[in-house]
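Bear in mind that the values in this text are calculations on the coordinates, not laboratory data. This structure is a prediction, so every number in the text was calculated from the model and none was measured. Don't worry about glycine lacking a Cβ; one is built from the backbone with ideal geometry, like all the others, and counts go over all protein chains shown.
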Amino acid sequence: MEIRSINGQDGIAVFSQGELKMIVQISLNQQEDRIERMYLIVNPDKLAHLQKINGGNRSQTGEVARL
């Protein structure tokens with residue numbers, strides 16, 4: 001797992017054997033100090049697109065492209 005910038009927000013990129021397996025983003029409600037939304041991206045088509053953009057493996061910049 002690595003913390004990455006995903007669509008301009010912090011998120012977690014989950015890798016297994018060098019391949020991107022999941023993207024996790026959590027939106028917090030600052031006023032109520034709780035999680036407002038949680039996004040898990042596991043769609044193989046979207047992940048394959050991101051994997052291709054990042055050269056088939058982990059990005060060296062810590063940036064994950066827009067979904």
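Over all pairs of distinct alpha carbons, what does the Kirkwood formula give as the hydrodynamic radius of region 2-48, in Å? Please list the in-between numbers first.
Numbers: mean 1/r = 0.0865 Å⁻¹.
Roughly 11.6 Å, rounded to one decimal.
Could you grab the relative contact order for region 2-48? Cα pairs under 8 Å, six or more apart, rounded to a whole percent. Display every interim value, and only then the final one.
Working: 69 pairs, mean separation 12.2, N = 47.
It comes to 26 percent, rounded to a whole number.
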* Separation between the Ile3 and Arg34 pseudo-spin-labels, each 7 Å from Cα along Cα→Cβ, expressed in nm? -> 2.5
* Structure fact -> Under the 7 Å Cα-to-Cβ spin-label approximation, Val42 and Ile26 lie apart by a distance in nanometres of 1.8
